[in-house]
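The values are calculated or read from the model by the stated rules, or taken from the named source; none is laboratory data. For clarity, every value in this text was computed on a predicted model and none was experimentally measured. Because the Cβ atoms are built from the backbone with ideal geometry, glycine has one as well, and the counts that use them run over all protein chains shown. Each accessible area value is taken on the protein alone, full model and side chains, heavy atoms only, with ligands, DNA and RNA left out. Shrake-Rupley method; radii C 1.70, N 1.55, O 1.52, S 1.80 Å.
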Amino acid sequence: MSANGHAVIVGAALAGLRGAEAMRRAGFSGRLTLVGAEPHRPYDRPHLSKHMLTGEVSAAATALPNLVPLDAEWRLGTAATGLDRANRRLSLADGTTLPYDRLLIAAGTRARPWPNPAEGRLRGVHTLRTRDDAAALRAALVAGPRRVLIIGGGFIGCEVASACRTLDLPVTIVEPGPVPLARVLGRHLGAVVAALHEARGVELRSGTKVERLEDDGSGRVARAVLSDGDTIEADLVVVALGAVRNTEWLEGSGLKADEGGVDCNAYGQVLGEDGRADSAIAAAGDVARFPHPLYDGRRVALEHWGHAVAQAEHAGRLLAGADPGPAYAEVPAFWSAQGGITIKSVGLTEGADALAIAQGDPKAGRFLAVYGAKGRCIAAVSFDSGRWLPAYAEQIAARAPFPPIRGAADQGSLTILDPAFPEA
Amino acid sequence: MSDPTQEPADSEQISEGLRVAVDLNRCQAYAQCCYAAPEHFVLQGREALFYHPAPPLSARDAVERARLACPVQAIRVEVVTDRSA
Ligand SMILES: Cc1cc2nc3c(=O)[nH]c(=O)nc-3n(C[C@H](O)[C@H](O)[C@H](O)COP(=O)(O)OP(=O)(O)OC[C@H]3O[C@@H](n4cnc5c(N)ncnc54)[C@H](O)[C@@H]3O)c2cc1C
Ligand code: SF4
């Protein structure tokens, strides 16, 4: 592809920004347009469930640094509504069209809404994905709710619960699994997370579900009825049930896309329904589903900050016409801060059949666990022990045998545990 | 820590100041940034780095010191002096 022409990026957030910068770095000198559904310039989402809720960071302060001059046009507050690949044209929500000769799809995800729309619209029921969501939730927390109910004990649910305790607000997490984070970490580590939050005063209701939300007669949420018949009185509810990929606007484009993402090949080029790659279009970040070489080409869509950056940089080079190097194979990694500790992870735990505490001791709150599958190291998770992580990341990248080789020589043999993932 | 209530109103973009993002995957909580710019980088607990993502322009030198001090180059800074870019 030439160094000029018109590059369009759909999604003006982390992946969109880093992709645009990578294109410029790789020498693309043509016209560049970023189309964003939100009214804001790119901002950093991890603050939203952490220091923005405690009031330590304001909404405006979350703006991401722009690291390379972009000389770009911004179409903010304007969603892309359709993609016509034959004519290389996007339709936008304001009724206009936008031609492109290369396109980066970086439309990310949105919060999965509460399944009952009428209940979801009650005052006091929140989701958390955007900066405006976080500002609204922060205002609701400051107003002094009697109790906050969090539906879903995933990462965002746990982080919000943690912020509530920092603000000294009563908070309950309802999690259908046996412990929080069981789906990602398994029951062993999920139990450590449960103990951490309970010690800080979070009420945890595991193994049960919110059946319905009821209002106080005036349209404000008042309580939740659980599947075990109990009720929880709560005037502020945070629905934290994960995310849905923003792919509806691709309907009719002939691309392979659904709620789980838009499919790409190992280089990040999107795939048509006929399975053929479209070399003019790449995808990156939360919205992209791709075969991960480290996991036997299993198609994954990762919702990690570092992945959005790395995959967007790869896609940006590709679209600029530069040699993007080998297929995208970044080892997945994320962090989460909750209850005063930092959880970090490298690799993917899915499919693990064994677990070993390789460093530290869960009882002391500082440790590193390695997950194995079929005799290989596939993931490692640290609790306040991030310095150990790079050594294990190397073993994961090398698909080293499990149990892992440990940093220090004088440790006894490892006990191999069952990670204990709940039944799907 | 600088007081977040001193910052511009929510929906407005800052017109002048610094933007900071730390790659917390890379960060190993070595705290060199905290020594270099204690007003803007603080360790909360053993390993949780809290940083101010939008310090004022007057913090430029301190934040630049922190960026250079980080042994794993996890700190990214943009200096915003005008929004026309
Ligand atoms: C509250 C919260 C806390 C998080 N904390 C962590 C953390 O601690 N560690 C970690 O590793 N990760 C964390 N993450 C995940 C991380 O923020 C995401 O992986 C990252 O934001 C993905 O970036 P993205 O650009 O791919 O997608 P997004 O950030 O979702 O951005 C996509 C953008 O595209 C826009 N868009 C969507 N559809 C259209 C359309 N049709 N036209 C135009 N624009 C469109 C959206 O409005 C959005 O602005 C967190 C996420 C959230 C929500
Ligand atoms: S100097 Fe770098 S590694 Fe150390 S705490 Fe600061 S950001 Fe993290």
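Region A:330-358: which residues show an accessible-area loss of 40 Å² or more, assembly versus chain alone, 1.4 Å probe?
So the qualifying set is A:Trp335, A:Thr342, A:Lys344.
State the antiparallel share, in %, of DSSP beta bridges confined to region A:24-150, rounding to the nearest 5. Can you show the working numbers first?
On the way: 8 of 12 bridges.
Expressed as a percentage, antiparallel bridges in region A:24-150 total about 65.
With a 1.4 Å probe and every protein chain left in place, tell me how much accessible area A:Trp388 has, in Å² to the nearest 10.
Accessible area, nearest 10 Å²: 100 Å².
Report the normalised scattering of region A:117-241 as log10 I(q)/I(0) at q = 0.10, 0.19 Å⁻¹, calculated by the Debye formula with identical scatterers on the alpha carbons.
Log10 I(q)/I(0), no solvent term: -0.27, -1.02.
Step through the residues of region A:288-302 one at a time and calculate ³J(HN,Hα) from phi using the Karplus curve (6.51 cos²θ - 1.76 cosθ + 1.60, θ = phi - 60°), rounding each to whole Hz and writing x for Gly and Pro.
Coupling constants for region A:288-302: 8, 10, 8, x, 8, x, 6, 10, 6, x, 4, 7, 10, 10, 9 Hz.
Using +1 at the Cβ of each Lys and Arg and -1 at the Cβ of each Asp and Glu in chain A, identify which of A:Ala397, A:Phe290, A:Leu141 lies farthest towards the dipole's positive end.
A:Ala397
Quick one: which residues, 5+ away or cross-chain, put their amide H under 5 Å from the amide H of A:Arg366? H built at 1.01 Å from N.
When sequence neighbours closer than 5 places are left aside, the close amide H contacts are A:Asp361.
Find which of B:Ala48, A:Val160, A:Ala26 sits farthest along the positive direction of the dipole of the protein assembly as shown, computed with +1 on the beta-carbon of Lys and Arg, -1 on that of Asp and Glu, about the Cα centre.
A:Ala26
Can you compute 3J(HN,Hα) from phi for each residue in region A:248-265, using the Karplus curve 6.51 cos²θ - 1.76 cosθ + 1.60 with θ = phi - 60°, rounded to whole Hz and x for Gly and Pro?
4, 5, 8, 4, x, 7, x, 8, 7, 8, 8, 4, x, x, 9, 7, 10, 7
Starting from the Cα coordinates of region A:1-158, work out the convex hull volume and express it per residue in Å³. Write down the numbers at each step before the final one.
On the way: hull volume 22.5 nm³, N = 158.
For region A:1-158, the hull spanned by Cα atoms encloses 142 Å³ per residue.
Could you sort A:Glu251, A:Glu73 by their accessible area in this structure, using a 1.4 Å probe and putting the largest first?
Details: A:Glu251 155, A:Glu73 80 Å².
Ranked list, largest accessible area first: A:Glu251, A:Glu73.
Would you compute, for the Cα atoms of region A:327-424, the largest minus smallest coordinate along each principal axis and list the three values in descending order, in whole Å?
In descending order, the Cα extents are 36, 30, 30 Å.
Across region A:84-93, in residue order, what do the Karplus-derived ³J(HN,Hα) couplings come to in whole Hz, using 6.51 cos²θ - 1.76 cosθ + 1.60 with θ = phi - 60° and x for Gly and Pro?
10, 6, 4, 9, 6, 9, 9, 9, 10, 5
If I take all pairs of Cα atoms in region B:27-84, what percentage of them are more than 19 Å from each other? Numbers along the way, then the final one.
Working: 392 of 1653 pairs.
More than 19 Å apart: 24 percent of the Cα pairs in region B:27-84.
Among DSSP bridges having both ends in region A:117-241, what percentage is antiparallel? Round to the nearest 5.
Of the beta bridges lying entirely in region A:117-241, close to 35 percent run antiparallel.
Where nothing but the Cβ of Lys and Arg (+1) and of Asp and Glu (-1) is charged, how large is the charge dipole of region A:340-417 around its Cα centre, in debye to the nearest 20? Present the calculation step by step, with values, prior to reporting the outcome.
On the way: 8 positive and 6 negative charges, 14 e Å.
Taking the Cα centre of region A:340-417 as origin, the dipole is about 60 debye.
Considering only protein heavy atoms and a 1.4 Å probe, what is the carbon-and-sulfur percentage of the accessible area of the protein assembly as shown? Numbers along the way, then the final one.
Working: 10260 of 20800 Å².
With neighbouring chains kept in place, the figure for the protein assembly as shown is 49 percent.
Given a 1.4 Å probe, how much area per residue of the protein assembly as shown is accessible, in Å²?
Numbers: 20800 Å² over 509 residues.
Solvent-accessible surface per residue comes out at 41 Å².
Expressed as a rounded percentage, what relative contact order does chain A have, with Cα pairs under 8 Å and six or more residues apart?
Working: 1008 pairs, mean separation 64.3, N = 424.
So the answer I get is 15 percent.
Could you name every residue in region A:54-92 that has 10 Å² or more less accessible surface in the full protein assembly than in its own chain alone (probe 1.4 Å, ligands and nucleic acids excluded)?
Residues passing the criterion (a loss of at least 10 Å², heavy atoms only) are A:Gly55, A:Glu56, A:Val57, A:Ser58, A:Ala59, A:Ala60, A:Ala61, A:Ala63, A:Leu64, A:Pro65, A:Asn66, A:Leu67.
Sorting A:Thr247, A:Thr127 by accessible area (1.4 Å probe), largest first, what list results?
Values: A:Thr247 10, A:Thr127 45 Å².
So the residues, ranked largest to smallest area, are A:Thr127, A:Thr247.
Just for the protein assembly as shown, what percent of DSSP beta bridges are antiparallel, to the closest 5?
Around 65 percent antiparallel, to the nearest 5.
Calculate how large, on average over all directions, the projected area of the Cα convex hull of region A:149-217 is; give the answer in nm² to one decimal. Please report the intermediate quantities before stating the final value.
Numbers: hull surface 19.1 nm².
Taking the Cα atoms of region A:149-217, their convex hull projects to 4.8 nm² on average.
Roughly speaking, what is the centre-to-centre gap between region A:251-269 and region B:9-69 when only Cα atoms are used, to the nearest Å?
Here the two parts' Cα centres lie 37 Å apart.
Could you check how many percent of all C-alpha pairs in region A:32-89 are farther apart than 15 Å? Present the calculation step by step, with values, prior to reporting the outcome.
Details: 1046 of 1653 pairs.
That fraction is 63 percent.
Placing unit charges on C-beta atoms (Lys and Arg positive, Asp and Glu negative, everything else neutral), compute the dipole magnitude of the protein assembly as shown about its Cα centre in debye, rounded to 20. Before the final figure, lay out the partial values.
Details: 53 positive and 59 negative charges, 153 e Å.
Result for the protein assembly as shown is approximately 740 debye, rounded to the nearest 20.
Return the long-range amide H neighbours of A:Arg147 (sequence gap of 5 or more, or a different chain), with a cut-off of under 5 Å between placed amide H atoms.
Here the answer is A:Asp235, A:Leu236, since their amide H atoms fall under 5 Å of that of A:Arg147.
So if R0 is 41 Å, what FRET efficiency would A:Asp274 and A:Ala118 give, r being the distance between their Cβ atoms, rounded to the nearest 0.05?
0.50
What FRET efficiency comes out for A:Lys209 versus A:Ala327 if R0 is 51 angstrom and r is the Cβ-Cβ distance? Round to the nearest 0.05.
Numbers: r = 40 Å, r/R0 = 0.79.
Computed FRET efficiency for A:Lys209 and A:Ala327 comes out at 0.80.
Could you list which residues have their amide H under 5 Å from that of A:Gly254, counting only those 5 or more apart in sequence or on another chain, with H placed in the peptide plane?
Placed amide hydrogens put nothing under 5 Å from A:Gly254.
For region A:3-60 and region A:327-391, what is the separation of their Cα centres, given in Å?
29
Over the Cα atoms of the protein assembly as shown, what radius of gyration and what Dmax do you get, in Å?
Looking at the protein assembly as shown, its Cα Rg and Dmax stand at 22.6, 68 Å.
By how many nm would the segment from A:Thr81 to A:Ile232 grow when fully extended, if each residue of separation counts as 0.36 nm and the alpha-carbon distance is taken off? Let's see the in-between values first.
Values: separation 151, 0.36 × 151 = 54.36 nm, distance 4.02 nm.
Extra length from A:Thr81 to A:Ile232 when fully extended: 50.3 nm.
Taking both sides together, what accessible area is buried at the B/A interface, probe 1.4 Å, expressed in Å² and rounded to the nearest 100? Working shown, then result.
Values: alone 5830 and 17900 Å², together 20800 Å².
Counting both chains, the buried surface is close to 2900 Å².
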